[in-house]
Structures are given as structure tokens and as C-alpha cells.
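Enquirer: Handing you a structure now.
The values are calculated or read from the model by the stated rules, or taken from the named source; none is laboratory data. It should be emphasised that the depicted structure is a prediction, and the values quoted were computed from it without experimental measurement. Because the Cβ atoms are built from the backbone with ideal geometry, glycine has one as well, and the counts that use them run over all protein chains shown. All accessible areas refer to the heavy atoms of the entire protein, side chains included, with ligands and DNA or RNA removed. Shrake-Rupley method; radii C 1.70, N 1.55, O 1.52, S 1.80 Å.
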Amino acid sequence: MRRFSAEYLDRTREGMWDDRTALAPLRLASRDSVLDVGCGTGELAAALREETDARIVGADRDADLLAHLPRAVPGVRADAYQLPFPDDSFDIVVCQALLINLPDPERALGEFARVASESVAAVEPDNEAVTVESTVASESRLAGEARDRYIAGVDTDVTLGNRLVDLFEEAGFANVETARRDQTQTVEPPYSEADLEAVGRKARGDAIHTQRGDLAGDADALDRLRAAWREMGRTALEQTQAGEYERRETIPFHVAVGDV
């Protein structure tokens, strides 16, 4: 399973739950206990904490990430395939962007169903349907190429969000309800410090360098992609310095909730 830094999770999940309409199918008001599996640094757990008085516990295999959980959310180091809880320990078990990183998401859902007394919920992206709009003409095309190479290169289904309902029904969950939350992140003047750092990473080609092991293609193809990425980043940097750079990325997240 891939590992992610706290900085990466904070950056990529920023603003995810500013709008919590998509959490409605979880019926949080009726829950007394919630387990957030693969909780990372706790973005979803924090949103749940504000939506319910239920007891919320975060579980993740990475102890460093658990250290970033909100104080009101206790953390437990755990593997999604083998949770350290008895049967029916929580009213509902939830996860966000976890199943796409697991080689066997069906096995994880089975373990969630064991621990849940009422329901299981998942919030998963469809990375194939991500869109990027930018004032740099080449950015959308290059982002699409990098995304396609990532989808083809990783050993898990990072487009899983678009078949989440089928996955839940095949796992035997009943009364499956769905929702969708499109996470949109924008870069525009006036730029934040995080915006400027992101543009700097483009100009260095950091994304292609750090994800190289997950991208499909031979060395020459990936070298060409990184060179084009850095050129695109330099153009973005020039536009930023002129106060002209704008970027909009939209990632569709699908929500499914089923009764055990």
C-alpha cells in the first residue's frame, strides 16, 4: 500500500468538506459511534466531529499521520484488513480515499462490515474523471498525460469511485445510498504561500520525479514528460509573477453507504 505524508494529505484534501451535503446519506445524527479507517491526518474525522456528538475513532497504519488527528478524535494504529476491534464495535465504519489504494478493497469492506453494527460508508475519487483548467496552455494536456500514466502504472484501481455502488452491492450491503462531492481547488490572485509553493514544485518537475515509480512508461518517455512539465511550470511561474496565473482542478468523489 502506498504511503502519504501529512503535508501531501493536507494539501490534496484542503477544502474537501467545506460543503458537507454529500455526508447526508451517512445519517450521522442517528449514530452513536463512528470509526474512520485510513483516517490519515483526520480531515474527514474533523468534519464528522462537527456534524455529530457520536464517539469518533480514527484508525490508520501510519503512526506519524495519527499524530495529526484532532484532539477530540482518539487514534488507533490498525490495518484495514484486520481491525483490532470486536464484531459490531461501531454503528458505522467510514473511509475516505482508502479503497483506491488497497489491492483488495473487497476484503477491506468485509472487515468493515464485521466491525460495523449498522452501516459502512466509503468516499472514493474517480481519478480518470479529474479535470484541469489553466491559463498555461499545456497544463491541462500534461496533467492528463500524467494522470493516464498514473492510472496505468499503479497496482490498485484509482478510478474506483465510479463503480463504488457496484462494489458495495457485490459485497452484500443492503439499501445502498449514494452522493457525490466534487472537490475543486483553485489558484488565482492574490496567491497564498501554498499556491506559490505549488507553482515552484511545477517548475522543478517535483510531481513527476516523486511519482515516477507509479507512472507507466519507459525512462525516455518519463524524462520527456518531466522536461515538458518543468517548462510548463516555468511558464506558470512567469504568469504568477505577473499576477496572471489561474488554475482550477476538479476531482469527483463518490459516496456510498450500505447497511450490513
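Enquirer: Could you go through region 73-83 and let me know if any residue there is over 30 Å from GLY153 (Cβ atoms), assigned to a strand (DSSP E or B), open to solvent by 10 Å² or more (accessible area, probe 1.4 Å) and of a type outside the set (D, E, K, R). Break it down stepwise before answering.
Expert: Keep residues of region 73-83 that are over 30 Å from GLY153 (Cβ atoms), which gives 73-76.
Still in the running and assigned to a strand (DSSP E or B): 75-76.
Add one more test, that the residue is open to solvent by 10 Å² or more (accessible area, probe 1.4 Å), and what stays is 75-76.
From what is left, the residues that are of a type outside the set (D, E, K, R) are 75-76.
Yes; the residues of region 73-83 include at least one that is over 30 Å from GLY153 (Cβ atoms), assigned to a strand (DSSP E or B), open to solvent by 10 Å² or more (accessible area, probe 1.4 Å) and of a type outside the set (D, E, K, R).
Enquirer: Another question about this same structure. Given the criteria under 21 Å from the mean Cα position of the chain (by Cα) and farther than 28 Å from LEU225 by Cβ, does ILE92 qualify? Step through it out loud before you land on a result.
Expert: Details: under 21 Å from the mean Cα position of the chain (by Cα): yes; farther than 28 Å from LEU225 by Cβ: yes.
Criteria met by ILE92.
Enquirer: Keeping to region 131-149, report how many residues are open to solvent by 10 Å² or more (accessible area, probe 1.4 Å) and not in a helix (DSSP H, G or I).
Expert: Count: 7.
Enquirer: Given the options THR131, THR159, name the one that is under 22 Å from LEU98 (Cα atoms), among the polar types (S, T, N, Q) and in contact (Cβ under 8 Å) with a residue 60 or more places away in the chain. Walk me through it before giving the result.
Expert: On the way: THR159 fails: in contact (Cβ under 8 Å) with a residue 60 or more places away in the chain.
Matching residue, one of THR131, THR159: THR131.
Enquirer: When you look at LEU109, is it crowded, with 19+ Cβ neighbours inside 10 Å, outside any strand (DSSP E or B) and modelled with pLDDT of 95 or more, yes or no? Show your work before the answer.
Expert: Values: crowded, with 19+ Cβ neighbours inside 10 Å: yes; outside any strand (DSSP E or B): yes; modelled with pLDDT of 95 or more: yes.
Yes.
Enquirer: Still on this structure, please answer the following. Please go through region 152-174 and pick out each residue that is part of a helix (DSSP H, G or I) and out of contact with any helix residue (DSSP H, G or I) (no Cβ under 6 Å at 6 or more places or on another chain). I'd like the intermediate steps shown before the answer.
Expert: So the first thing to find is which residues in region 152-174 are part of a helix (DSSP H, G or I), and the list is 152-153, 160-170.
Within region 152-174, ALA152, GLY161, ASN162, ARG163, LEU164, VAL165, ASP166, LEU167, PHE168, GLU169, GLU170 qualify.
Enquirer: Also: Can you give me the number of residues within region 31-57 that are open to solvent by 70 Å² or more (accessible area, probe 1.4 Å) and modelled with pLDDT of 95 or more?
Expert: Start the filter on region 31-57 by keeping residues that are open to solvent by 70 Å² or more (accessible area, probe 1.4 Å), which leaves 32, 49-51, 53, 55.
If we keep only those that are modelled with pLDDT of 95 or more too, we end up with 32, 55.
Number satisfying all stated conditions: 2.
Enquirer: Going through region 62-78 one residue at a time, which ones are modelled with pLDDT under 95 and basic (Lys, Arg)?
Expert: Scanning region 62-78 gives a single hit, ARG71.
Enquirer: For residues that are among the small types (Gly, Ala, Ser) and closer than 19 Å to LEU99 by Cβ, tally how many sit in region 35-85.
Expert: Of the residues in that region, 9 qualify.
Enquirer: Additional query: Scanning for something over 22 Å from ARG230 (Cβ atoms), open to solvent by less than 60 Å² (accessible area, probe 1.4 Å) and either basic (Lys, Arg) or without any contact (Cβ under 8 Å) to a residue 12 or more places away in the chain (or both), does region 164-179 turn up at least one residue?
Expert: Looking through region 164-179, none of the residues is over 22 Å from ARG230 (Cβ atoms), open to solvent by less than 60 Å² (accessible area, probe 1.4 Å) and either basic (Lys, Arg) or without any contact (Cβ under 8 Å) to a residue 12 or more places away in the chain (or both).
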